[in-house]
Amino acid sequence: MKKICFVLLLIIFSGNVFAQDPHFSQFFSSPLTLNPAYTGKFDGTFRVTGNYRNQWPEINRAFITSTGSVDFKILKNKIAYDDTWGVGVMGYSDNSANGAVKFNYAGLSTAYHKALDEDGYNQIGVGFQVVYANMIVNTSNLKFEDQLASSGFTGVTSEVFNNPSGLKSNYIDLNAGILYSGSSSDKNYYYAGVSLFHVSRPKQSFVGANYLLNMRTTIHGGGYLEINDNTTIHLSALQSFQGGASETVFGGAVQFNVDGTNTEKPTSFYAGAWMRLNDAIIPYIGLEYNDFRFGFTYDVNTSSLNTASLKKGGLEISLIYNHRPNTEKAIRCPKF
């Protein structure tokens with residue numbers, strides 16, 4: 001009964017989030033889905049990222065979102081020493097209702113980061129991303145009223161889908177972004193960016209109906225401040241708009257270097273929290289070892305859904321690998 005009530009609440013409140021794209025609480029750990037201008041903006045020669053999110057886990061496989069990406073730098077010997085040109089590929093999957101509705105995305109992005117000073121500590125980057133999107137509704141996983149019995153869903157339904165191909169849709173999308181980053185001393189670093197998704201307003205066709213996707217605008221920023229040799233404070237925030245929906249997320253984490261500063265790649269532990277305004281508190285823990293950084297969050301629901309959700313929002317994990325040879329020049333880049 002508790003799960004049935006929770007489903008009803010999801011339907012009631014779905015109007016508030018209908019126009020929103022899938023998103024991650026650890027937005028800072030999924031760079032190519034946050035801003036195309038992040039392509040190539042990292043410390044190293046190539047970067048691999050992976051993210052997994054299970055939204056409202058009280059309902060089995062209700063909303064599962066995952067993504068993976070690889071980006072790297074090109075033409076290092078052909079452009080200015082302190083400039084960076086990056087290219088990346090991204091795959092993105094969003095499944096809901098136990099796989100009944102599936103969105104799959106594949107994207108190619110590029111960004112150029114221009115140094116604003118001779119040391120390259122201040123940069124401005126512009127990026128673009130082309131995405132192929134595909135939506136499928138698996139009718140075999142759909143449940144209807146005439147299948148509902150006292151023992152649960154059973155039997156067959158009177159609905160017959162004579163045109164299964166009408167339950168598929170695909171389109172080409174275009175995204176763009178700009179990112180500024182800089183520092184005023186050896187102890188700090190800051191950045192700010194704006195990204196635009198669905199710039200081309202692609203048409204989504206489904207069972208004879210056409211829908212133009214609303215453009216999504218995301219404003220984000222953050223930075224870090226070194227308190228001492230072993231402690232650094234990281235802060236970040238995001239404001240996103242799409243159609244009549246909006247999202248506000250802000251927070252931070254403290255980085256503790258476990259083995260001091262005598263190594264080129266010290267092991268670090270992170271602890272902090274973010275807040276999605278009027279929705280959830282998001283505790284965060286992370287571990288950085290060598291070229292890897294692992295992050296874990298669990299949304300604690302604080303909105304009017306918390307009675308049904310038991311304050312359980314979404315489990316999320318992230319893993320980032322930055323390949324940085326010891327001979328590489330250290331470059332300051334956004335982490336959160």
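The table that follows gives values for the structure above.
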| read-out | value |
| --- | --- |
| Extension gain from ALA273 to PHE256, taking 0.36 nm per residue of separation minus the Cα-Cα distance | 4.6 nm |
| Straight-distance crosslink candidates among aspartates and glutamates, where the alpha carbon sits under 12 Å from LYS102 and sequence neighbours closer than 8 are dropped | ASP94 |
| Long-range amide H partners of ALA245 with built H, under 5 Å | none |
| Residues of the range 73-107 with amide N under 18 Å of a point placed 7 Å along Cα→Cβ from ALA115 | 73-86 |
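Here, each number is a calculation from the coordinates, and none is a lab measurement. No experiment lies behind these values; they were computed from the predicted model shown. Backbone-built Cβ (ideal geometry, glycine too); neighbour counts: all protein chains shown.
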